[in-house]
Amino acid sequence: MDTPSAKSLMDDVAAILSADLRGTAIRDLDTPVPLVDVEIAERNIVRWQAQCDRLGVANRPHMKTHKQPLFARRQIAAGAIGMTCQKLGEAESMVAAGVTDIFITYNIVGASKLARLAALAQKATVSTVADSEAVVAGLAAAFADAEKPLTVLVECDTGGNRCGVQRPEAAVSLARMIDRSPGLHFGGWMTYPPPGARLASDRFFEQANALAGDAGLVVERISSGGTPDMWSTLGLERVTEYRAGTYVYNDRSRVEKGICRIEDCAITVLATIVSRPTPDRAIIDAGTKSLTSDLIGLNGYGSIIGIPGATIPRADEEHGYVQFVEPRDDLPVGTQLRILPNHACVISNLFDEVCLVKGETVLGMTPITSRGRVR
Ligand SMILES: Cc1ncc(COP(=O)(O)O)c(C=O)c1O
């Protein structure tokens, strides 16, 4: 990792931001724009690292929430062992920014991606997952002649009903195949359990470990993740590393589920009222292209900070519909509103840049370099 930060995000921020916007008031920013409060993000990073240290669990944050080196660097400087990426393109961008240890928690399929993975593995320590013989076969072919073997963990479905082998027996059978493949190294188990399912995933790993032991396989890593259960110690005994993503910024969905407080949310979207068609309705310049259409089970497209009862029940691409509980004549066209987004990670994917702030002070813009890396 090049020039990791030693003290806090503020040190890194000072080094990378251009002077253009420094000292600008938030009200002078052009909207819509995402704001990230670096002091809140710093608190979130340090607090979680301390918990990982207390529990003896390696911290491998998922970069999906911030999608940029500034925060990855800080997470690593604070003690994280490396980053988790979902897509190969995200991994490439993180390695280009100096991250030296990457875990790609996604089946890599197809000749083009396998060739890119092999190239990436020459530049950094890379591990990945597989949940089928087809995926292992592709990896094995791509790494057959590699100088160093690729570490592959078996993805296990422990209740998330997404990817993953369904039974401990299948996990061990795939582990055997990885172990037999010359270019591959069996690394252990990976899961992304749904909230509240840690004990079920622990039972899965207990059985898988016993079967792996019988087969003479060493399970080096058991990688779990997710912000919702990150503070629970239930079912963590066998887990060796944890992948949390959202915790760095937090968002409305975390607040509404009681996982964090509103003061723990680093990201907001600043929008401007562009129309007041009726006394109880305003239209803002942030629609689904700024807030996303991701409701993740919540009502509305975000919550408006400081205006009790106001909702965003509807959004078109460029228009957000704000509904007040009573007529408001104190919020004319031009008024800025700060919105706590439903889901932090998808906001980072929508904008080229994020504006870093410290309280009410603007620090400057920083590019979201890993956004849009879907391949
Ligand atoms: C494989 C994997 N690991 C970890 C995470 C991080 O989850 P969270 O943002 O809840 O911390 C995600 C989120 O989508 C994920 O898909």
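Values computed for the structure shown
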| quantity | calculated |
| --- | --- |
| Any hit, the stretch 8-31, residues being crowded, with 18+ Cβ neighbours inside 10 Å and over 20 Å from Gly359 (Cβ atoms) | no |
| Conditions (1) of a type in the set (A, V, I, L, M); (2) away from the ligand (no atom under 16 Å from the Cβ); (3) buried (at least 23 other Cβ atoms within 10 Å of the Cβ); (4) more than 25 Å from Leu114 (Cβ to Cβ); number of the one not met by Val172 | (4) |
| Test: residue in the stretch 141-152 that is at pLDDT 95 or above and in contact with a Cys (Cβ under 9 Å, 6 or more places away or on another chain) | no |
| Failed item in (1) free of Cβ contacts under 8 Å to residues at least 24 places away in the same chain; (2) within 19 Å of the chain's Cα centre (by Cα); (3) within 26 Å of Pro327 (Cβ to Cβ), with Arg261 passing the rest | (3) |
| Residue identified as surrounded by 13 or more Cβ atoms within 10 Å (Cβ to Cβ), within 16 Å of the ligand (Cβ to nearest atom) and among the basic types (Lys, Arg) among Arg373, Arg328 | Arg373 |
| Sole residue being buried (at least 21 other Cβ atoms within 10 Å of the Cβ), more than 21 Å from Ser348 (Cα to Cα) and among the β-branched types (Val, Ile, Thr), chosen from Ile178, Ile273, Ile267 | Ile178 |
| Residue check, Met94 under 14 Å from the mean Cα position of the chain (by Cα), crowded, with 19+ Cβ neighbours inside 10 Å and free of Cβ contacts under 8 Å to residues at least 24 places away in the same chain | no |
| Residue within the stretch 185-197 that is over 22 Å from Thr292 (Cα atoms), within 12 Å of the ligand (Cβ to nearest atom) and of a type in the set (A, V, I, L, M, F, W, C) present | yes |
| Residues (within 27 Å of Ile284 (Cβ to Cβ) and either away from the ligand (no atom under 14 Å from the Cβ) or charged (D, E, K, R) (or both)) located in the stretch 228-254 | Asp251, Arg252, Arg254 |
| Check on Gly225, within 13 Å of the ligand (Cβ to nearest atom), within 30 Å of Val357 (Cβ to Cβ) and not polar (S, T, N, Q) | yes |
| Meets criteria (free of Cβ contacts under 8 Å to residues at least 60 places away in the same chain and over 21 Å from Met83 (Cβ atoms)) for Gly216 | yes |
| Residue check, Ile284 under 26 Å from Thr24 (Cα atoms), of a type in the set (Val, Ile, Thr) and surrounded by fewer than 21 Cβ atoms within 10 Å (Cβ to Cβ) | no |
| Number of the exception - Phe143 against (1) touching a residue at least 24 places away in the same chain (Cβ under 8 Å); (2) within 16 Å of the ligand (Cβ to nearest atom) | (2) |
| Residue check, Glu326 touching a Pro at 6+ places or on another chain (Cβ under 9 Å) and farther than 17 Å from Ala25 by Cα | yes |
| Members of the stretch 93-146 found to be over 28 Å from Ala80 (Cα atoms) and charged (D, E, K, R), listed by number | Glu133, Asp145 |
| Breaking point among (1) more than 13 Å from the ligand (Cβ to nearest atom); (2) surrounded by fewer than 21 Cβ atoms within 10 Å (Cβ to Cβ); (3) under 30 Å from Ala310 (Cα atoms), for Lys257 | (1) |
| Of the criteria (1) free of Cβ contacts under 8 Å to residues at least 60 places away in the same chain; (2) within 16 Å of the ligand (Cβ to nearest atom), which one Gly110 fails | (2) |
| Residue list for the stretch 182-206, filter: in contact with a helix residue (DSSP H, G or I) (Cβ under 8 Å, 6 or more places away or on another chain) and loosely packed, with under 15 Cβ neighbours inside 10 Å | Pro182 |
| Qualifying residue in the stretch 78-91 (condition: of a type in the set (Asp, Glu) and more than 16 Å from the chain's Cα centre (by Cα)) | no |
| Which listed residue, of Val354, Val362, Val322, is crowded, with 19+ Cβ neighbours inside 10 Å, at pLDDT below 95 and not in a helix (DSSP H, G or I) | Val362 |
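Let's see how each residue does on (1) in contact (Cβ under 8 Å) with a residue 12 or more places away in the chain; (2) farther than 15 Å from His62 by Cβ; (3) crowded, with 20+ Cβ neighbours inside 10 Å:
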site: Ile76; (1), (2), (3): yes, no, yes
site: Gly79; (1), (2), (3): yes, yes, no
site: Gly98; (1), (2), (3): yes, yes, no
site: Asp101; (1), (2), (3): yes, no, no
site: Ile104; (1), (2), (3): yes, no, yes
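The values are calculated or read from the model by the stated rules, or taken from the named source; none is laboratory data. No experiment lies behind these values; they were computed from the predicted model shown. When we count neighbours, we look across all protein chains shown, and the Cβ atoms used for this are built from the backbone with ideal geometry, even at glycine.
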